[in-house]
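Structure first, commentary second.
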Amino acid sequence: MSQSIKRTLVRGTDHGGLTGQAITDRLRVADRVSAALIKYRHLRSITVVNPINRCPTVVVPLREVERFEREFVSLFALAKLRGRHFMAVKKELQHAGVKPVFNPRKIGATFYRRAGVLRAECLNGD
């Protein structure tokens with residue numbers, strides 16, 4: 001029996017979640033930001049058995065990451081979308097009364113509710 005067939009037979013089923021590194025890559029944030037989002041339960045995580053080494057692993061279900069992406073946007077992502085410096089975007093949002101949704105000091109990044117950002121853009125006529 002070949003090595004690859006043996007590996008396939010002993011490997012568990014895929015958990016379908018994203019690890020901290022995968023979240024970091026998907027949200028384009030620092031490792032410490034994705035860890036803080038999980039720690040403070042802004043991203044709900046579950047512990048599953050790693051399909052390769054069978055150790056407990058903390059993952060965030062894909063549907064939870066998708067919910068987060070629909071509901072929130074980081075200041076840096078917003079600035080990049082607008083093609084503007086993040087401080088200019090931050091000042092505009094402050095002026096429009098849009099506040100960060102999480103404590104930026106705890107999380108390590110500034111996030112806004114997408115609905116609040118859209119409302120501010122409508123008021124400003126952007």
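For region 29-78, applying the loop criterion from DSSP together with a ceiling of 15 other beta carbons within 10 Å to the chymotrypsin sites (Phe, Trp or Tyr not before Pro) yields Tyr40. Here is the list for region 45-126: trypsin sites (Lys or Arg not before Pro) lying in DSSP coil, each with at most 11 other C-beta atoms within 10 angstrom of its C-beta, are Arg54. Could you work out how far apart the two model spin labels at Arg67 and Ala115 are, taking each label as a point 7 Å from the Cα in the direction of the beta carbon, and quote it in nm? Label-label distance for Arg67 and Ala115, simple model: 1.4 nm. Here is the result for region 56-93: no GluC sites (Glu not before Pro) lie in DSSP coil with at most 16 other C-beta atoms within 10 angstrom of their C-beta.
Once the 1.4 Å probe is applied to the protein heavy atoms, region 29-126 comes out at 65 Å² accessible per residue. Residues whose amide H comes within less than 5 Å of that of Phe102, counting only those at least five positions distant or on another chain, are Phe111 (H built at 1.01 Å from N in the peptide plane). Could you tell me the number of lysine pairs in region 22-126 with C-alpha atoms less than 21 Å from each other, where the two lysines are 8 or more residues apart or belong to different chains? Within region 22-126, the lysine pair count is 8. Under a 5 Å amide H cut-off, with hydrogens placed 1.01 Å from N, Leu18 pairs with Val60, Leu62 among residues at least 5 apart or on other chains.
The values are calculated or read from the model by the stated rules, or taken from the named source; none is laboratory data. Computed from a predicted model, the values in this text were never measured in an experiment. Counting neighbours? That spans all protein chains shown, and the Cβs are built from the backbone with ideal geometry, glycine included. Quick note on the areas: whole protein, heavy atoms, side chains included, nothing else; ligands and nucleic acids left out. Shrake-Rupley method; radii C 1.70, N 1.55, O 1.52, S 1.80 Å.
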